[in-house]
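Derivation of every value follows stated rules applied to the coordinates shown; laboratory data play no part. Since the model is a prediction, treat every value here as computed from it, not as a measurement. A quick note on method: Cβ atoms are made from the backbone with ideal geometry, for glycine too, and the neighbour counts reach across all protein chains shown.
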Amino acid sequence: MGKLLWEAIHRSSTGRIMTEEKFETEFFPTILEDVRKKHQIEWNPDEPVMTDPGMADAVFQAGLEYLLETGLYCKDTRRIIQFTKEEILEAVATARRRITLGSGREAITLAPRAPGDEQHPYTWFPAGALTKKVELYKSHAMAAMQEPTCDGVIPIPLLGIGELKNVLDTPAQTVVCQAEARAMNEAAAWAGKPGLFLGIPMSATTPLAMMSTFGPGMYNKENCTLPIQILQDMRVNYDRFNLAFFADQHGIEPWMSSSPALYGYLTGPEQGAIEIIAHTLGMLAYSGGSLTQAMCMSIHGTYVGNDISWCNSAAALAAERNLGLPWVSFGSTGTPGSAFSDEAWYETALACINACISGMEALWLAGGSTGIECRWAGEVARAAARLTPEEGVEIIKKIRAIEYEPTPSPLPLEKLYDMTTLQPRQEIVDQYRKFTRIFRDLGLDYPTWHDA
Amino acid sequence: MATIADLRQKVSETQPKPAEAVTRELLAEGFDPIEILEEGVMSGLNDVGNRFAAKKAIVLDLVRAGVTAKTCIPLIEEALPRGETPKNKKKVVLGTLLSQHNIGKNLVGTLLSIGGFEVVDMGEKNAPWDFYETAEKSGADMIAVSVVFAPALEKFSELLGLLEETDVRTKYPVIVGGGVTTQKWATEQGADGWGAQAKDGVDLARSILGIGS
């Protein structure tokens, strides 16, 4: 956080006033398309990844110009907060490029990595499940955390504690989120990783609940971050500023997050990548953060496809070359009950390879709904770390040419794992082995895959 | 000489001023206002909706098509002989449950308005009670709910429970849609209808409230 937070607050009451309808139907779409055309940013639908350094620099320039011209729309005051080029460039110049998350033996330091670097992107696994049964929730977390390739986790929202529901805008939500924190800490201790990075408070949906969750200290500045994410399409509200200020006051790392929806108000992945850069620069200004989670999705409800992976790679490469911030993207497909979904296993691998060759530092929610799927994501990220962009694209194109089998119905954890030992049952191990063989044939390798 | 096909094209291309000009010309030439509305405006809107379903248009195109249609509709309404207004007198309370997302909700509102419904738009970040209170105060015929993030799923069930508890569940059919919802989930909750796309909202409202299209 720096002087630009105070400037943002000031300008939110003095900037140009505009209806939100005009902002979203005329103002920002026109500017965005103009900068896209000016910088000749084009996506070829046959290309799943953007590897061109020149275009990456163009995406960055377009994103910078888009932010400077559009500004951030403050939903509370209906005014536009604008920054000068000098202010943004100073925020970029003074940004922190290395951050440490977690503590003790589990501490990880995210530092800039270029495509093909030996250092693999860190993999943060989904931990927990959408349930009110805290013990089951914890078992899911333990199954993920016990995996050797678990570099951290992102909790799944806890829906309640038994009969106590996760009720928005009440202390129940804070208590449920604190139960999430307790379960994460206990699972990490069980897994022998007490200093593990535990992501963000996911069971809390309001700023008050998120901030209150930090009260008892189970989530703290060593093991957790605080989301200060920008709202869709260049919008902010005062909640963002309060969260950024709270993070700063407590020494908590802000979790900067940009998740544009393609085909909503954005025409495609080119505009998505430009907007991610503009969002990041905007968040950098008002939060002084560093850690950036950036991913797009389609308004049609998917997280996979050439458009999605191209957008994520274009933004990541633009950031790697021009910002050097710790960059995190989505490491799975969001498929419910993904254990026996071939699409989920392939697309998880694809996301990991994309991260490696696009210069990303980490993947969040890497893997699927079980620990062994998380293992898969962690291993692929390590196996693919040194791939050149050309090698990575070749594998990704081979994956995309595959016609996936239909996804079967989801199975609960107890059907997939022995709940006493928390070890995967043979059927899911066989699924894992199948994919280790497929990916060895595609040219990747990892030490444990040799038993396949 | 303008044709209804020209109007359909202008709406489909989301060009408000040319669409308005063509509408005026058609009315001046004596075309049937109902035909202008249905074959020109609504068909143009459907074209954009179909392009969106085929992933060849974006939500912004749908919104702009709605804006285009709204420039034409008042002119058409003025030209309708008294008693033939296409308004169906049915009132729909519409809002987003909990979250601040409004793209889908706005779109449903636009299409419902164009479809002849009176829309009471509650905006975003609504609690279950807000829906109940607004429906009661406005004399609504139906409640339409946008659910776009996971925590709102449970709130939807709370809304249906609240309507039961206040003895108005049968008075207000409830339809739902949004990114995190599915037909299966909506059926399990006891919703009266679920829509995958914005245009489904109009079809559901017509069907449930017994209005011919």
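The alpha carbon gyration tensor of segment B:4-79 gives principal lengths a ≥ b ≥ c with a/c of 1.5 or higher and a/b greater than b/c, which makes the shape prolate.
Taking GluC sites (Glu not before Pro) across segment A:157-251, the ones in a DSSP loop with at most 12 further Cβ atoms lying within 10 angstrom of their Cβ are A:Glu163. Using the average count of surrounding beta-carbon atoms within 10 Å as a protection proxy, the listed peptides A:283-293, B:6-16 rank, highest first, as A:283-293, B:6-16. A simple spin-label model places pseudo-atoms 7 Å from Cα toward Cβ; at A:Arg98 and A:Arg386 they are separated by 2.3 nm. The mean number of partner chain beta-carbon atoms within 10 angstrom of a residue's beta-carbon across peptide B:174-180 is 1. When both segment B:32-82 and segment A:193-213 are represented by their alpha-carbon centers, they are found 46 Å apart. Taking Cα atoms of chain A, Rg/Rh with Kirkwood Rh, to two decimals? Dividing the radius of gyration by the Kirkwood radius yields 0.96.
A simple packing score, the average count of other Cβ atoms within 10 Å per residue, orders the peptides A:359-366, B:27-34 as A:359-366, B:27-34, with the highest score first.
Helices in chain B that qualify as membrane-span-like (whole DSSP H runs, Cα extent of at least 27 Å along the helix axis, mean Kyte-Doolittle hydropathy of -1.0 or higher) are B:59-79.
Shielding of peptide A:293-306 by partners, expressed as the average count of other chain Cβ atoms within 10 Å per residue Cβ, is 1. Could you sort out which of B:Lys55/B:Lys199; A:Lys37/A:Lys85; B:Lys87/B:Lys184; A:Lys75/B:Lys171; B:Lys155/B:Lys184 sit more than 23 Å apart by Cα distance in this structure? Over 23 Å Cα-Cα: B:Lys87/B:Lys184; A:Lys75/B:Lys171.
Overall, the anisotropy analysis places segment B:91-208 in the rounded class: the square-rooted eigenvalues a ≥ b ≥ c of its C-alpha gyration tensor yield a/c less than 1.5.
For segment A:78-140, applying the loop criterion from DSSP together with a ceiling of 12 other beta carbons within 10 Å to the GluC sites (Glu not before Pro) yields A:Glu118. Per-residue packing, averaged as other Cβ atoms within 10 Å, sorts the ranges B:171-184, A:419-432, A:120-133 into the order A:120-133, B:171-184, A:419-432, beginning with the highest.
Cα centroid separation, segment A:145-180 to segment A:382-433: 26 Å.
DSSP beta bridges fully contained in the protein assembly as shown are about 25 percent antiparallel. Helical content of chain A, expressed as a calculated mean residue ellipticity at 222 nm, amounts to -13500 deg cm²/dmol (DSSP H runs of 4 or more residues, -39,500 (n - 2.57) each, divided by residue number, nearest 500).
The overall shape of segment A:355-447 is prolate: from the C-alpha gyration tensor, with semi-axes ordered a ≥ b ≥ c, the ratio a/c is 1.5 or greater and a/b exceeds b/c.
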